[in-house]
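> Pasting a structure below so you can have a look.
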Amino acid sequence: MTKKEKIIRASIVEKELEKKYPAAECELKYQGDPWKLLIMGRLSAQCTDYRVNIVCQTLFKEYPNAKSMANAEISDIEQIVKPCGLYKMKASNLVNMSKMICDDFDGKVPDNMDDLLKLPGVGRKIANLILGDVFGLPAIVADTHCIRISNRLGLCDSTVQEKVEMTLKELITPETSADFCHRLVLFGREVCNARNPKCEECPFKDFKCKK
């Protein structure tokens with residue numbers, strides 16, 4: 001498929017997903033707080049958004065902002081975030097990223113990729129989530145749903161996170177790229193799941209998708 005053909009296909013996918021999921025938004029309940037989304041984004045690695053939302057009710061009650069988290073004992077954070085898995089590493093990241101935000105960024109979550117990637121535990125996926133949802137910038141969150149579906153639909157030919165991100169940046173409308181990724185998550189859960197995709201219900205079944 002040529003790049004022009006991929007752009008046309010990507011446009012079809014965007015329009016269909018927008019029609020199917022008009023109110024796409026982040027599943028993490030961060031209440032408009034950039035720091036909370038950063039924390040929740042880190043906890044969501046290898047964990048469901050549903051569980052993260054539940055765990056963070058307790059976490060944010062005890063530690064409502066970056067300053068309180070920066071002064072927390074890592075062992076105390078571990079006990080709260082244990083249900084999210086990888087809790088020792090995640091707890092350490094949460095405390096240390098909060099310290100860096102307080103010490104190096106005047107208590108504010110950075111608004112650019114370079115500074116976000118300096119924060120402990122933050123990779124391009126979380127950084128793009130922040131840039132897109134908080135700051136309204138063009139951003140491709142290349143999570144497992146995004147990688148799987150974009151490959152099945154023939155938009156990408158790689159399972160490498162950064163390669164998928166860069167490929168989709170050239171195909172997806174920049175202004176709606178963050179919403180597009182949220183719609184892929186919803187579509188991946190409802191229709192195009194990993195093990196048993198409901199191809200008969202798929203609006204893209206004529207694409208002859210890869211499985």
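> Do the conditions hold for GLU25, that is, is it touching a helix residue (DSSP H, G or I) at 6+ places or on another chain (Cβ under 7 Å), part of a loop (DSSP other than H, G, I, E, B), closer than 28 Å to GLY136 by Cβ and open to solvent by 20 Å² or more (accessible area, probe 1.4 Å)?
In short, yes.
> Just one of the numbered conditions (1) free of Cβ contacts under 8 Å to residues at least 60 places away in the same chain; (2) within 28 Å of ASN112 (Cβ to Cβ) is not true of PRO22; which one?
(2)
> What about CYS156, is it in contact (Cβ under 8 Å) with a residue 24 or more places away in the chain, under 15 Å from GLY188 (Cβ atoms) and more than 9 Å from the chain's Cα centre (by Cα)?
no
> Between residues in the range 122-147 that are under 14 Å from CYS26 (Cα atoms) and in contact (Cβ under 8 Å) with a residue 40 or more places away in the chain and residues that are of a type in the set (Ser, Thr, Tyr) and not in a loop (DSSP other than H, G, I, E, B), which pairs lie under 8 Å by C-beta distance while being six or more apart or on different chains?
GLY132/SER177; ALA139/SER177; ILE140/SER177
> Across the range 28-55, which residue is nearest to the chain's Cα centre (by Cα) among those that are of a type in the set (Ser, Thr, Tyr) and surrounded by 14 or more Cβ atoms within 10 Å (Cβ to Cβ)?
Looking at residues that are of a type in the set (Ser, Thr, Tyr) and surrounded by 14 or more Cβ atoms within 10 Å (Cβ to Cβ), I get SER44.
> Where residues in the range 83-103 are among the small types (Gly, Ala, Ser) and closer than 16 Å to LYS118 by Cα, which of them is least open to solvent (accessible area, probe 1.4 Å)?
SER98
> Let me ask something else about it. What residue, among those in the range 57-82 that are over 24 Å from the mean Cα position of the chain (by Cα) and hydroxyl-bearing (Ser, Thr, Tyr), is surrounded by the most Cβ atoms within 10 Å (Cβ to Cβ)?
If we take residues in the range 57-82 being over 24 Å from the mean Cα position of the chain (by Cα) and hydroxyl-bearing (Ser, Thr, Tyr), then SER68 is surrounded by the most Cβ atoms within 10 Å (Cβ to Cβ).
> Report every pair of residues separated by at least 6 positions or lying on different chains whose Cβ atoms are under 6 Å apart, first residue within the range 54-81 and among the basic types (Lys, Arg), second open to solvent by 40 Å² or more (accessible area, probe 1.4 Å) and not in a loop (DSSP other than H, G, I, E, B).
Once the first residue is among the basic types (Lys, Arg) and sits in the range 54-81, its partners that are open to solvent by 40 Å² or more (accessible area, probe 1.4 Å) and not in a loop (DSSP other than H, G, I, E, B) give LYS67/CYS102.
> Mind listing whichever residues of the range 154-211 are open to solvent by less than 100 Å² (accessible area, probe 1.4 Å) and at positive phi?
Of everything in the range 154-211, just one residue is open to solvent by less than 100 Å² (accessible area, probe 1.4 Å) and at positive phi, namely GLY154.
> Right, next: Taking the range 128-142 as the search range and keeping residues that are under 20 Å from LYS90 (Cβ atoms) and in contact with a Gly (Cβ under 9 Å, 6 or more places away or on another chain), which one is least open to solvent (accessible area, probe 1.4 Å)?
ILE130
> Taking helices (runs of 4 or more DSSP H) that do not extend beyond the range 70-164, which have at least 1 residues that are closer than 30 Å to PRO197 by Cβ and among the basic types (Lys, Arg)?
Here the list reads 124-133, 144-152.
The values are calculated or read from the model by the stated rules, or taken from the named source; none is laboratory data. None of these values were measured; they are calculated from a predicted model. In this analysis, Cβ positions are derived from the backbone assuming ideal geometry, glycine residues included, and neighbour counts consider all displayed protein chains. What goes into the accessible areas is simple: the full protein's heavy atoms, side chains included, and nothing from ligands, DNA or RNA. Shrake-Rupley method; radii C 1.70, N 1.55, O 1.52, S 1.80 Å.
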